[in-house]
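Colleague: Here it is, the structure, as structure tokens.
What follows draws every value from the coordinates through simple rules; no lab data is involved. Remember, predicted model here, so these are calculated numbers, not experimental data. Don't worry about glycine lacking a Cβ; one is built from the backbone with ideal geometry, like all the others, and counts go over all protein chains shown.
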Amino acid sequence: MEEKCWESKKMDCIGALLEFEIMSIPETTRFWMIRTKQGYFYNEFIKNKFVAIGWNEILLSNYGSDENSLKNHIKERYGDKRPGLALNKCKNFISEIKEGDILVIPSEGSRKITFARAGKYYEEGKCTTEQEIETIYKIDNKELLVNDIECPYKKRRHVEILKTVENVGLNYHLLAAISSYHGICNFDEYGYAILDCIYDIYEFKNDISLTINVTKKDPIRPREISNLMYGLTEYLCSIVEEESLETAIYLNSPGKVKVALKNIASSIVKYRWFFLILLVVLTGGSVKDAELPGIVKVIEDFKTMNVYIHGNMLTIS
């Protein structure tokens, strides 16, 4: 009975593998960071699935008006010393961000980072400029606690939450950029690093990226990491030229190993079975003591199988 049950589960898992599609990110996707006013609005943004930006006086109806007049108005109304910068941020939020773009939303102190897909732009009619100015004054002067006040910004966008991560283990360059920039910023140059945080395997601009999350808590021994890299390289070189491979290793423990296959996504159908086998390994396999967690949750039952990378060979028994 147990054997039949296992066979049924195995067939379900194989069926799920056959139906699995690598996440394809449109080439037109752009990446943006939107801050949450020192984290004050972070929980509200995530809970209610929207993001927002200030300067309520600048709206869809007037942001394309005479720039000098708008700059003067921002300076007089808000006291901004660099009104042109504020105006550009409003323009980016209203017209440059497109539906489907990916947003980086940091919490207070960037302890958590939420990644979201941008939705439609809208304006919240109940918010006023007076309310906005009063709220920001209180935040800047530490008169409010985080979550004590609702976001007073009119300009908003619906979002689809994709993933929330802790900043520990985040790509160093991405974390440095999040810590350095303010307000709303274009993050196109960090696109791959952002996608690596969201997806374990994806296709973007005809490249396929695989991220192996090594969950071992103890220090990773040199032979473990060398066996992993050698085995992956030999296996992948059986389907692509070595020149097409790029690797990056984040030697924390836990840590990550990223493999990028350049200009191969258009041939994915041809190499489908190679990737299905690799998915099994990454989902249920191990490299000696370094456990590799699942990429596709629906096929976790494969963890009961013996799947290993030995030197330059993948074996499933």
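Colleague: Give me the one-decimal nm value for the distance between modelled label points at T233 and Q131, 7 Å along each residue's Cα-to-Cβ direction.
Modeller: 6.0
Colleague: For the pair L60 and S110, what calculated FRET efficiency results from E = 1/(1 + (r/R0)^6), where r is the Cβ-Cβ distance and R0 = 30 Å, to the nearest 0.05? Intermediate values should be presented prior to the final figure.
Modeller: Values: r = 30 Å, r/R0 = 0.99.
Efficiency, rounded to the nearest 0.05: 0.50.
Colleague: A follow-up question, please. With r defined as the distance between the Cβ atoms of N72 and K142 and R0 fixed at 30 Å, what FRET efficiency is calculated, to the nearest 0.05? Write down the numbers at each step before the final one.
Modeller: Working: r = 30 Å, r/R0 = 1.01.
With R0 = 30 Å, the Cβ-Cβ based efficiency is 0.50.
Colleague: Near Y42, within a Cβ-to-Cβ distance under 11 Å, what is the net charge of the other residues, with Lys and Arg +1 and Asp and Glu -1? If you can, show how the numbers build up before the last one.
Modeller: Numbers: positive: R35, K37, K47, R111, K112; negative: E44, E108.
So the environment of Y42 carries a net charge of +3.
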